[in-house]
Amino acid sequence: MNTNNGKNALATFAGGCFWCTESAFDDLPGVISVVSGYSGGQVVNPTYEQVCSGSTGHLEAVQVTYDPTKVSYLTLLNVFWHEIDPTDDEGQFADRGSQYHAAIFYHNAEQKRLAEESKAKLAASKKFSLPIITGIREYKNFYAAEEYHQHYCKRHSERYHQYRKGSGRQDFLENAWKNEKPVIVPVTPENNGVVEEATAANSQIAAGKQYCDPSQISDADLKKKLTPIQFEVARKNGTERPFDNAYWDNHRDGIYVDIVSGEPLFSSKDKFNSGTGWPSFTKPVDPANVVEKTDATYGMERTEVRSKHGDSHLGHVFDDGPAPTHQRFCINSASLRFIAKEDLEKEGYGQFKYLFQAKSK
């Protein structure tokens, strides 16, 4: 099975103890659900005890259901590599045996290609002194583990963190990756989430390293930086007038960033004319930078969208947009700053130039 409906997709990873692997994906934007279980073996509906014996051929694994319009498979791969020791051929950390081997189970040819490329890129980076031996295997089956294993990291947080530390995983990963976070690779129709040379060096914005922290700026200073309507919208949850704002009818190529923090939010490639008089987009350029919250003001329930790092009020998202996402991010111009494609490099957003490059035939 490759998808659980016409929109969501599946990814399956084995990274040793599934409690730890599950925790890495649980709160990732765009991920619908994460299930701990067993994959790759020959025994139908195995028990935990059977798998632990090492005789079933199964690996402890997690199955991730995700929305490919919100999170790319490359992002999932980057998160996976940040969670394992890819040089260990006998298990993972304190967990030894074939059932704890690390592996990527690909569901289709595209996942296989991306997994192989990401593995090769990790090897070329020389991040690890030993060879990268993590397996890339064709997906055959997955069986959910017993209920008491599901979301263990949240249901038994203290025990989980003790185990993670005691197993050696935590110290190993901190030493291997330092403060380097998994690269969030934006999803686009043009490249299916593939960004050439999407490394930590050119993705500082995606990793949140260039953002202005609004908590360090007083309202008085923000009022000096922003216009009255920008401050009212971004900080006081206001709404600007339709058809009377900066970007509702802007047709230039470029990206839109948060007026306070500078984090990238939307692309002109995903902008459409909704007829509402506000800028409208089918999806964010980087889903990790847009947070959705329930808004019960004015006697109705809506879904508010805010920037993650700037915590700016952006607008609302509705389910009446065009295909393929069928979403309409209705955004206030006052919360945005537009950066034209020709200015991306000098403004520090060079990694988004790929959005506007012509595809080769």
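Every number in this text was worked out from the coordinates using simple rules, so none of it is lab data. Keep in mind that this is a model prediction, so the values were computed, not measured. Cβ placement follows ideal geometry from the backbone for every residue including glycine, while neighbour counts extend to all protein chains displayed.
For PHE266, list long-range residues whose amide hydrogen, built 1.01 Å from N in the peptide plane, is under 5 Å from its own amide hydrogen.
It is TYR256, VAL285, by chain and number.
As an exercise, identify the trypsin sites (Lys or Arg not before Pro) in the range 224-257 lying in DSSP coil whose Cβ has no more than 16 other Cβ atoms within 10 Å.
ARG252
Given the options TYR354, HIS149, ALA24, identify the residue whose Cα lies farthest towards the positive end of the charge dipole of the chain (+1 on Cβ of Lys, Arg; -1 on Cβ of Asp, Glu).
The listed residue farthest towards the positive side: TYR354.
Determine the calculated [θ] at 222 nm for the chain from helices alone, applying -39500 (n - 2.57) to every DSSP H run no shorter than 4 residues and normalising by the residue count; nearest 500 deg cm²/dmol.
That calculation yields -6000 deg cm²/dmol at 222 nm.
Which residues' amide hydrogens lie under 5 Å from the amide hydrogen of ALA61, considering only partners 5 or more residues apart or on another chain, with H built in the peptide plane?
Residues meeting the criterion, in which the H sits 1.01 Å from N, are GLY37, TYR38, SER39.
Would you mind checking which residues have amide H under 5 Å from ILE32's amide H? H placed 1.01 Å from N; only 5 or more apart, or other chain.
HN-HN under 5 Å from ILE32: THR65, TYR66, ASP67.
Please tell me the relative contact order of the chain in percent, rounded to the nearest whole number, where contacts are Cα pairs under 8 Å and at least six residues apart.
14 percent
Spelling out what I want: for every residue of the range 300-313, take phi, set θ = phi - 60°, compute 6.51 cos²θ - 1.76 cosθ + 1.60 (Karplus), and round to whole Hz; glycine and proline get x.
For the range 300-313, the Karplus curve yields 9, 9, 10, 10, 7, 10, 10, 6, 5, 8, x, 6, 7, 5 Hz.
How high is the FRET efficiency between ASN108 and LYS154 when r is their beta carbon distance and R₀ equals 22 Å, given to the nearest 0.05?
E between ASN108 and LYS154, to the nearest 0.05, is 0.10.
Across the range 114-130, in residue order, what do the Karplus-derived ³J(HN,Hα) couplings come to in whole Hz, using 6.51 cos²θ - 1.76 cosθ + 1.60 with θ = phi - 60° and x for Gly and Pro?
Computed from phi, the couplings for the range 114-130 are 5, 5, 5, 5, 5, 5, 5, 5, 5, 4, 5, 6, 6, 4, 10, 6, 8 Hz.
Aspartates and glutamates near LYS178 by alpha-carbon distance under 18 Å, same-chain residues fewer than 8 away left out - which ones?
LYS178 reaches GLU83, ASP85.
Which ³J(HN,Hα) values in Hz, rounded to whole numbers, follow from the phi angles of the range 266-272 under the Karplus curve 6.51 cos²θ - 1.76 cosθ + 1.60, where θ = phi - 60° and Gly and Pro get x?
Each residue's phi maps through the Karplus curve to give 9, 10, 4, 5, 10, 8, 9 Hz.
Let me have the relative contact order for the range 214-356, percent, based on Cα pairs under 8 Å that are six or more residues apart.
In percent, rounded to a whole number, it is 25.
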